[in-house]
Amino acid sequence: MKALLIICDGMGDRRCASLGGRTPLEAGRMPSLDWLSSHAECGIMDPIAPGVRAGSDTAHLAILGYDPYKYYSGRGAYEALGAGLTLNHGDVAFRCNFASLDSQGRVVDRRAGRISGEEAQVLTEALQENSLSNNVDFELQHTVEHRSVLILRGPGFSRNVSDVDVHNTGATVPECRPLDNSKEARRTANVINEFVRSSSGILEKHEVNSVRSSGGRMVANAILPRGAGVAPELPSITEKFGIKAVTIAGGALYKGVSRAAGFEIVNVKGATGTMDTNLEAKMMSTIEGLRRADLVFLHVKGTDTASHNKDVQGKVTMIRKIGKSLEYVLNHVDLNKTYIALTADHTTPAEIGEHSADPVPIAIYGHDVRSGGTTQYDEAACSRGALGRIRGLDVMPILMNYLGRTELFGE
Ligand code: ZN
Ligand code: ZN
């Protein structure tokens, strides 16, 4: 028996006025989604716990079977692992983005006018030449769009430092501050502030920016590190459940969380982690993955991206694309031998644009599961299903039970 876990990022929603009081799932109804829930155990899930607003990182840890309160070690670490970098004990990793600041140091755009990946790559290479005092060893690697990952190498650093980032344009970029009294946190904050300052010097003079500025585009004159993290220490999914697992995802974070948990990462061409991702290619890799692994985790990011952009219609469109892809999966797997769980990692109400703590729908299909009269895949319909209300941490044990991988408790 095999299991396919599909997590559509931020797919849960609330009633949207612009959809006549429906949620995007209710508005985007697709036959494949309805079929799945009609043959599934349905319910709702609190990714972490009721009332907890989950980030994608902590929610994914929980759904993949790892208590985030025990194992979460900062987002930067997962981004670094997802970008294929190695994190050694003692290293501290940050996610970074290029931004545009005005002459007063206020943020004009956190994404540097949506600078292209190619330009960001050239700027990142220039910043690799940055030399920090006391020969501090660092690694900087471009990932996608305006994003990159920074790793401070070696002992004597701490992840207990604040973000060099603001969420509102117009605000002044803060300095990195130590969040405890340790010498490591103070040193880390100093190194980060030095890195940010010296990077600005290099960026201001860089040709990429002169070209951008003469073309009337925003310059990428700052790099902002945030989400300090250290190497996560998780027991692998194979140690925990005795299974081989594969991940199909575009976004670095999801690859990183999976890599930390011992999943094999399949890099799919065209899987971008954005709304224009090549879902067909991902589905083909999913089918292929199910042939050689016990569990395939398939991640789709577009629903969350649309939600953060407050693009309600875009979210509905993305849900329809997911419905089409699911149809492909249903037509290409052995439905007598495959359990399929479809859920989200958290709710991101598209009219609000940020994650909320509302539970998400979940449906677990299997030829022999006790489906319970749910006929639609959406928040309200699933909440009336047989599975009731579960937590993210319950998902893997439930799937492992179906795969026959669960040990008897007692005798
Ligand atoms: Zn998410
Ligand atoms: Zn999000």
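The values are calculated or read from the model by the stated rules, or taken from the named source; none is laboratory data. Please read all numbers here as calculations on a predicted model, not as lab measurements. Don't worry about glycine lacking a Cβ; one is built from the backbone with ideal geometry, like all the others, and counts go over all protein chains shown. Calculation scope for accessible area: heavy atoms of the full protein, side chains included, ligands and nucleic acids excluded. Shrake-Rupley method; radii C 1.70, N 1.55, O 1.52, S 1.80 Å.
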**Fill in**
Only one of (1) closer than 17 Å to ASP13 by Cα; (2) in contact with a helix residue (DSSP H, G or I) (Cβ under 6 Å, 6 or more places away or on another chain); (3) β-branched (Val, Ile, Thr) does not apply to THR375, and that is (1)
**Asked** Somewhere in region 289-301, is a residue free of Cβ contacts under 8 Å to residues at least 12 places away in the same chain and of a type in the set (D, E, K, R)?
**Response** yes
**Checklist (1) more than 16 Å from ligand 2 (Cβ to nearest atom); (2) modelled with pLDDT of 95 or more; (3) open to solvent by less than 30 Å² (accessible area, probe 1.4 Å) applied to ALA306, failing item** = (1)
**Complete:** Selection from region 257-284 of residues modelled with pLDDT of 95 or more and small (Gly, Ala, Ser) yields SER258, ALA260, ALA261, GLY262
**Item:** Complete set of residues in region 335-355 that are more than 16 Å from ligand 1 (Cβ to nearest atom) and either without any contact (Cβ under 8 Å) to a residue 60 or more places away in the chain or within 15 Å of LEU279 (Cα to Cα) (or both)
**Value:** LEU335, ASN336
**Asked** Quick one: would you say ASN336 is away from ligand 2 (no atom under 16 Å from the Cβ), farther than 17 Å from LEU33 by Cα and modelled with pLDDT of 95 or more?
**Response** yes
**Prompt:** Counting only residues that are at pLDDT 95 or above, more than 16 Å from LEU33 (Cβ to Cβ) and within 16 Å of ligand 2 (Cβ to nearest atom), how many does region 309-333 have?
**Reply:** 4
**Complete:** Restricted to region 249-288 and to residues being basic (Lys, Arg) and touching a residue at least 40 places away in the same chain (Cβ under 8 Å), the residue least open to solvent (accessible area, probe 1.4 Å) is LYS282
**Prompt:** Regarding PHE241, is this residue within 24 Å of ASP334 (Cα to Cα) and under 16 Å from the mean Cα position of the chain (by Cα)?
**Reply:** no
**Request:** For region 283-307, enumerate the residues that are of a type outside the set (Val, Ile, Thr) and more than 16 Å from the chain's Cα centre (by Cα).
**Result:** MET283, MET284, SER285, GLU288, GLY289, LEU290, ARG291, ARG292, ALA293, ASP294, LEU295
**Request:** For region 326-342, enumerate the residues that are closer than 17 Å to ARG29 by Cβ and under 20 Å from the mean Cα position of the chain (by Cα).
**Result:** LEU342
**Prompt:** Under the condition of being more than 16 Å from ligand 2 (Cβ to nearest atom) and over 30 Å from MET400 (Cβ atoms), which residue from region 1-22 is surrounded by the most Cβ atoms within 10 Å (Cβ to Cβ)?
**Reply:** CYS16
**Request:** Would you be able to tell me the number of residues in region 49-68 that are away from ligand 1 (no atom under 12 Å from the Cβ), out of contact with any Lys or Arg (no Cβ under 7 Å at 6 or more places or on another chain) and either without any contact (Cβ under 8 Å) to a residue 40 or more places away in the chain or not aromatic (Phe, Trp, Tyr) (or both)?
**Result:** 6
**Item:** Residue check, LEU203 buried (at least 16 other Cβ atoms within 10 Å of the Cβ), among the hydrophobic types (A, V, I, L, M, F, W, C) and either touching a Gly at 6+ places or on another chain (Cβ under 6 Å) or not in a strand (DSSP E or B) (or both)
**Value:** yes
**Prompt:** Taking helices (runs of 4 or more DSSP H) that do not extend beyond region 235-352, which have at least 2 residues that are over 21 Å from ALA381 (Cβ atoms) and of a type in the set (Asp, Glu)?
**Reply:** 279-292
**Prompt:** If you go through region 311-321 one residue at a time, how many are in contact (Cβ under 8 Å) with a residue 60 or more places away in the chain, open to solvent by 10 Å² or more (accessible area, probe 1.4 Å) and not polar (S, T, N, Q)?
**Reply:** 2
**Request:** Hey, can you tell me all the residues within region 159-193 that are touching a Gly at 6+ places or on another chain (Cβ under 7 Å), farther than 22 Å from TYR78 by Cβ and at pLDDT 95 or above?
**Result:** ARG187
**Prompt:** How many residues does region 80-103 hold that are touching a Ser or Thr at 6+ places or on another chain (Cβ under 7 Å) and either at pLDDT 95 or above or surrounded by fewer than 16 Cβ atoms within 10 Å (Cβ to Cβ) (or both)?
**Reply:** 2
**Asked** Within region 349-380, how many residues turn out to be open to solvent by 10 Å² or more (accessible area, probe 1.4 Å) and among the aliphatic types (A, V, I, L, M)?
**Response** 4
